[in-house]
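Student: For reference, the structure I am asking about is given below.
The values are calculated or read from the model by the stated rules, or taken from the named source; none is laboratory data. These numbers come from a predicted model, not from an experiment. When we count neighbours, we look across all protein chains shown, and the Cβ atoms used for this are built from the backbone with ideal geometry, even at glycine. Accessible surface areas use protein heavy atoms only, side chains included; no ligands, DNA or RNA. Shrake-Rupley method; radii C 1.70, N 1.55, O 1.52, S 1.80 Å.
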Amino acid sequence: MFGRLKTAPVTREQALPGRAVRPYAVPSTHTVLGTPVEGPFPEGLETAYFAMGCFWGAERAFWQVPGVYSTAVGYQGGYTPNPTYEETCTGLTGHTEAVQVVYDPAQVSYEQLAKVFWESHDPTQGNRQGNDVGTQYRSAAYWTSEAQREAIERTRGTFQERLAAKGYGPITTEVGPAGEFYYAEGYHQQYLSEAKNPYGYCGLGGTGVSCPVGLQA
């Protein structure tokens, strides 16, 4: 039963009740970038949300991108308000482990971030990523503008063609408008940074297939 719950989507009625207030503190400053972890962020910056398995390695992939102002890990795409990590891991909150990426569009485009997203994991695995199994490890991209929606759908189509040519199956990535992003516990933030766990676990593995950007699907 436990294994089934972790890999089968939960309904709103089945989801854990959660709570009205976040039950833990989140660091104010990004360990690597030295910028705020929570908003409000400076004017002109935009926010994107991606999920591609364990959020430790996913966050590291994005904080290394020039033009990214701040990153944070959290829970998104589910029903339970202010969930904890332990609750999310049961599969009974509906959330996936996500990364909030705050970026300067004058320095890096959303398409370039989408390229990092598609190439950094295998988006054909459904409710898992490598040895990490459960709905909280599902691939997802949540958009915050029509421009982002168009870009993620277009790059998905392009990448699907490239994957199919290499023998991969259909992309299972969940794509939709960004809902509430709940920050994860402080110890998860920038977990794989040099200051915390430079040799920590990272289960991410790409397909080795390149995702072109700036091309029509």
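Student: Classify region 28-85 as rounded, prolate or oblate from the Cα gyration tensor: take a ≥ b ≥ c as the square roots of its eigenvalues, call it rounded if a/c is under 1.5, otherwise prolate when a/b beats b/c and oblate if not.
Tutor: prolate
Student: Suppose the chain between E146 and T172 were pulled fully straight at 0.36 nm per residue; how much longer would it get relative to their current alpha carbon spacing? Intermediate results must be reported in sequence, preceding the final value.
Tutor: On the way: separation 26, 0.36 × 26 = 9.36 nm, distance 2.10 nm.
Extra length available between E146 and T172 comes to 7.3 nm.
Student: Can you give the relative contact order of region 139-178 as a percent, counting alpha carbon pairs under 8 Å and 6+ residues apart?
Tutor: With pairs under 8 Å counted, the relative contact order is 67 percent.
Student: Run lengths n ≥ 4 of DSSP H only: what is the helix-derived mean residue ellipticity at 222 nm for the chain, with -39500 (n - 2.57) per run over all residues, to the nearest 500?
Tutor: Value at 222 nm, helices only: -7000 deg cm²/dmol.
Student: Straight-line reach from K166: which lysines fall under 25 Å, measuring Cα to Cα and dropping same-chain residues less than 8 apart?
Tutor: Counting by Cα, and skipping residues close in sequence, K166 has these lysines nearby: K115.
Student: Rolling a 1.4 Å sphere over the protein heavy atoms, what is the accessible area per residue of region 80-127, to the nearest Å²?
Tutor: 27
Student: I've got another one for you. Please list, by residue number, every one of the GluC sites (Glu not before Pro) in region 11-66 that is coil in DSSP and has at most 11 other beta-carbon atoms within 10 Å.
Tutor: When the GluC sites (Glu not before Pro) of region 11-66 are filtered for loop state and at most 11 Cβ neighbours within 10 Å, E13, E43 remain.
Student: Once each part is reduced to its C-alpha centroid, what is the distance from region 146-217 to region 106-128 in angstrom?
Tutor: Result: 3 Å between the Cα centres.
Student: What does the accessible area of F181 come to, in Å² to the nearest 10, when a probe of 1.4 Å is used?
Tutor: 20
Student: Can you pull out the trypsin sites (Lys or Arg not before Pro) in region 74-170 whose DSSP state is coil and whose Cβ has at most 10 other Cβ atoms within 10 Å? Can you show the working numbers first?
Tutor: Numbers: sites: K115, R128, R138, R149, R154, R156, R162, K166; in loops: R138, K166.
Answer by residue number: K166.
Student: Calculate one ³J(HN,Hα) per residue across region 45-55 by plugging θ = phi - 60° into the Karplus curve 6.51 cos²θ - 1.76 cosθ + 1.60, and present them in order as whole Hz with x for glycine and proline.
Tutor: 8, 10, 10, 10, 10, 9, 9, 8, x, 3, 6
Student: Of (i) 17.0, 64; (ii) 21.7, 75; (iii) 16.4, 49, which is the value of Rg and Dmax of the Cα atoms in Å derived from the coordinates here?
Tutor: For Rg and Dmax of the Cα atoms in Å, the calculated option is (iii).
Student: Can you pull the percent of the chain's accessible area that's carbon plus sulfur, 1.4 Å probe, other chains left in place?
Tutor: C and S atoms contribute 52 percent here.
Student: Loop only per DSSP, at most 13 neighbouring Cβ atoms within 10 Å: give me the GluC sites (Glu not before Pro) in region 125-197, ordered by residue number.
Tutor: Those that pass, being in a loop and sparsely packed, are E180, E194.
Student: Along the principal axes of its C-alpha atoms, what lengths does region 47-172 span, in descending order and rounded to whole Å?
Tutor: Per principal axis, max minus min of the Cα coordinates gives 36, 36, 25 Å.
Student: Pop a pseudo-label 7 angstrom from the Cα along the beta-carbon direction at both V26 and E194 and give the gap in nm to one decimal.
Tutor: 2.6
Student: If you don't mind, another one. How much length would be gained if the chain were fully extended between A164 and Y85, taking 0.36 nm per residue of separation minus their Cα-Cα distance, in nm to one decimal?
Tutor: 25.0 nm
Student: So who's got an amide H within less than 5 Å of the one on W143, skipping anything under 5 residues away but keeping other chains? H placed 1.01 Å off N, in plane.
Tutor: Residues meeting the amide H criterion: G176, A178.
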